[in-house]
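Chemist: Right, I'll just put the structure down here and ask away after.
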Amino acid sequence: MDLGLKGRNAVITGATRGIGRAIAETFAAEGVNVAICARKADEVAEAVAALQAKGVKAIGGVADIGDEAGFKAWIAQAGEELGGIDMLVSNASALQNGNAEEAWKACFEIDVLGAVRAADAAMPFLLKAAEKTGDASIVIISSVSAAETTYGNSYGAMKAAQIHLAKGLAKQFAGQHVRVNTVSPGTVYFKGGVWDMIEQHMPDTFKDAMSRNPTGRMATPQDIANSTVFLSSPMSSFTTGSNLLIDGGLSSRVNY
């Protein structure tokens, strides 16, 4: 299926590893020019080189999402260097669980305000792209934890806030053809990731998590990337304000 993405431009935050990296690589494989950011310069440089090898324009930068002015300036610079922004994926996360005040502050700053700042900075470019082609897109990477909880948890609450934010932005900009959706992964396994660390250091916790995955496995980053790129594409031009749950049947709630 031709997703109609060749020659378009995407910005992905937190994209040197895991889900973000898979999204950037999948966009590049579709002929999309990409801009990525993360915290470590060496990892950004490696990822950019790998993306450029796919034959697209790829740029990267070290960005502190907690620095509003600096982060917004990077997105604006990326849009100028790419020649526009058709798609934004807000993927960066503090990945802080628990009920400590520090965890709440970190998740609010990175997960929620990071998405707000990214959308604000990219919106002039997205509006221009939508006026030109009829479709532009924001996808925020949320989590199944937004609606699954057993204790006070900053991560899940802030992921739920992302879904609320996306719905509001979707309503606000629908008439200008900028779509806003969320993707909510379940457990995602990759080397160096959270569940890899849990498997190594908390094997009983990992075993319990695996037992709750009815498919018998966790997602790969590519599982999430495939759906994110499709949702970002013009093939999904009538989908906005939605939360796409990709959890392999992990959750029990009914979505309707």
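Chemist: Based on this model, can you work out whether Ala78 counts as in a helix (DSSP H, G or I) and either acidic (Asp, Glu) or within 19 Å of the chain's Cα centre (by Cα) (or both)?
Modeler: When the stated conditions are applied, Ala78 passes them.
Chemist: I need the helices (runs of 4 or more DSSP H) fully contained in the range 128-225, keeping only those with at least 3 residues that are in contact (Cβ under 8 Å) with a residue 12 or more places away in the chain.
Modeler: Those helices (runs of 4 or more DSSP H) span 154-173.
Chemist: Exactly one of (1) farther than 29 Å from Asn153 by Cβ; (2) crowded, with 24+ Cβ neighbours inside 10 Å is unmet by Ala115. Its number?
Modeler: (1)
Chemist: So, one more: Please specify each residue of the range 8-37 satisfying the condition of being crowded, with 24+ Cβ neighbours inside 10 Å and closer than 11 Å to Val62 by Cβ.
Modeler: Passing the criteria: Ile36, Cys37.
Chemist: Output the number of residues of the range 197-223 satisfying the condition of being farther than 28 Å from Thr240 by Cβ and within 20 Å of the chain's Cα centre (by Cα).
Modeler: Counting residues in the range 197-223 that are farther than 28 Å from Thr240 by Cβ and within 20 Å of the chain's Cα centre (by Cα) gives 1.
Chemist: Let me ask you something else. Tell me, please, whether a residue that is surrounded by 15 or more Cβ atoms within 10 Å (Cβ to Cβ), in a helix (DSSP H, G or I), in contact with a Phe, Trp or Tyr (Cβ under 7 Å, 6 or more places away or on another chain) and of a type outside the set (D, E, K, R) can be found in the range 49-70.
Modeler: No, the conditions are met nowhere in the range 49-70.
Chemist: If you don't mind, there's one more thing I want to ask. What residue, among those in the range 36-58 that are among the β-branched types (Val, Ile, Thr) and in contact (Cβ under 8 Å) with a residue 24 or more places away in the chain, is nearest to Gly20 (Cα to Cα)?
Modeler: The residue in question is Ile36.
Chemist: Can I ask one more? When the residues of the range 122-160 are narrowed to those that are among the aliphatic types (A, V, I, L, M) and touching a His at 6+ places or on another chain (Cβ under 8 Å), which ends up surrounded by the most Cβ atoms within 10 Å (Cβ to Cβ)?
Modeler: The extreme case among them is Ala136.
Chemist: Moving on to the next point. Which one of these does Arg179 not meet: (1) at pLDDT below 95; (2) more than 16 Å from Pro221 (Cα to Cα); (3) of a type in the set (Lys, Arg)?
Modeler: Just one mismatch for Arg179, condition (1).
Chemist: Let me ask another. Looking at this structure, is Leu88 surrounded by fewer than 17 Cβ atoms within 10 Å (Cβ to Cβ), within 20 Å of Ile163 (Cβ to Cβ) and hydrophobic (A, V, I, L, M, F, W, C)?
Modeler: no
Chemist: Now for a different question. Tell me the residue from Ile163, Ile246 that is surrounded by fewer than 18 Cβ atoms within 10 Å (Cβ to Cβ) and in contact with a strand residue (DSSP E or B) (Cβ under 7 Å, 6 or more places away or on another chain), please.
Modeler: None of the others qualify; the one that does is Ile246.
The values are calculated or read from the model by the stated rules, or taken from the named source; none is laboratory data. These numbers were taken from a predicted model, which means no experiment stands behind them. Cβ atoms come from the backbone with ideal geometry, glycine included; neighbour counts cover every protein chain shown.
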